[in-house]
Amino acid sequence: MAGAGDIIARLRSGEPLALARAITAVENETEDAAGILRAIQPHLGHARVHGFTGPPGVGKSTLVDAYITELRKRDLSVGVIAVDPSSPVSGGAILGDRVRMTSHGVDPRVFVRSIAARGHLGGLSATAAFVVDVLDAAGKDVVIVETVGTGQSEVEVAQVADTKVVVCAPGAGDDVQALKAGIIEIGDVLVVNKADLPDAEPTMKRLGAMLALRRRPNVPGGWTPEVLATTATTGAGVAALADAIQRHDDYLGASGRKSGSGPRLRALLAQTAGRLAAERVAKLDPAALDPLVDAVRRGELDIKSAAERLLKDVQGRD
């Protein structure tokens with residue numbers, strides 16, 4: 001790959017090939033990735049980041065496709081990160097979500113990238129936040145992050161997205177109940193998709209009741225999550241969804257809570273530190289861990305204290 005400076009200049013000029021190559025570098029953590037990530041830092045903070053999450057089968061990808069269409073009607077450029085399950089053969093993205101967004105393939109102001117979860121829990125991939133930054137630096141007005149769809153553990157999107165959209169399906173009583181203790185807690189906008197099916201209205205009422213329990217009435221101000229209905233296949237309700245997301249964006253700006261790339265950087269710093277520590281421990285001779293293992297077995301140390309000693313030992317070897 002060419003030098004980071006050349007790639008960034010081409011990326012900033014809107015060249016799709018440079019954008020694709022930069023994303024590939026940071027996703028695969030090649031030797032060029034560090035230089036690219038350093039070079040894009042002064043260009044971050046423009047894009048609004050919208051996360052779409054929810055259980056499998058609720059129509060997230062179809063809804064995202066319809067949302068892209070609405071954003072383009074509003075003359076906004078869009079970058080999309082669709083986190084897909086990993087191929088058991090290659091480890092790459094299976095591309096199940098991306099194929100639902102092919103209608104935007106010829107639009108030069110829309111860039112869709114599928115990335116593989118690669119076993120990472122939390123609904124995203126380990127490098128998703130890096131890819132968000134690259135799309136932000138490329139000048140996209142909105143970056144959409146669609147999670148892999150694994151259920152209530154998908155809370156990592158809260159560290160990446162400014163506005164979190166939780167998508168449910170009509171009549172999904174069990175799904176809604178499962179969401180209550182998980183991703184529904186992070187939702188800024190809740191959407192009942194496939195609203196042309198029966199039970200859409202009761203599902204919206206259940207979500208509204210759950211939100212009422214979540215609210216803190218003694219805290220002044222704050223954002224009250226909205227509950228909306230959409231039918232992504234026809235586009236019904238998508239404009240209203242875009243308006244609700246815009247209201248949340250406006251709220252973040254007016255309240256001074258729009259934090260730009262700060263939360264992403266904090267999450268990446270913690271994540272990278274943990275991974276580096278794990279890599280260093282993995283390089284140790286297994287026998288070096290035996291004294292700590294034996295101490296835990298004898299009840300002389302708890303696992304946390306043993307891990308702290310292990311980290312100090314690894315640090316002392318540097």
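The values are calculated or read from the model by the stated rules, or taken from the named source; none is laboratory data. Predicted, not measured: the structure shown is a model, and the values here were computed from it. When we count neighbours, we look across all protein chains shown, and the Cβ atoms used for this are built from the backbone with ideal geometry, even at glycine.
Quick notes on this structure:
- Looking only at residues in region 9-31 that are at pLDDT 90 or above and farther than 24 Å from residue 84 by Cα, the one that is surrounded by the most Cβ atoms within 10 Å (Cβ to Cβ) is 11.
- Scan of region 287-308 for residues that are in a helix (DSSP H, G or I) and either aliphatic (A, V, I, L, M) or closer than 29 Å to residue 127 by Cα (or both), ordered by number: 287, 288, 289, 292, 293, 295, 296, 303, 304, 306, 307, 308
- Strands (runs of 3 or more DSSP E) contained in region 126-243 and holding at least 1 residues surrounded by fewer than 19 Cβ atoms within 10 Å (Cβ to Cβ), in contact with a strand residue (DSSP E or B) (Cβ under 8 Å, 6 or more places away or on another chain) and modelled with pLDDT of 85 or more: none
- Checked against (1) closer than 21 Å to residue 105 by Cβ; (2) aliphatic (A, V, I, L, M); (3) over 20 Å from the mean Cα position of the chain (by Cα), residue 20 passes all but a single condition, namely (3).
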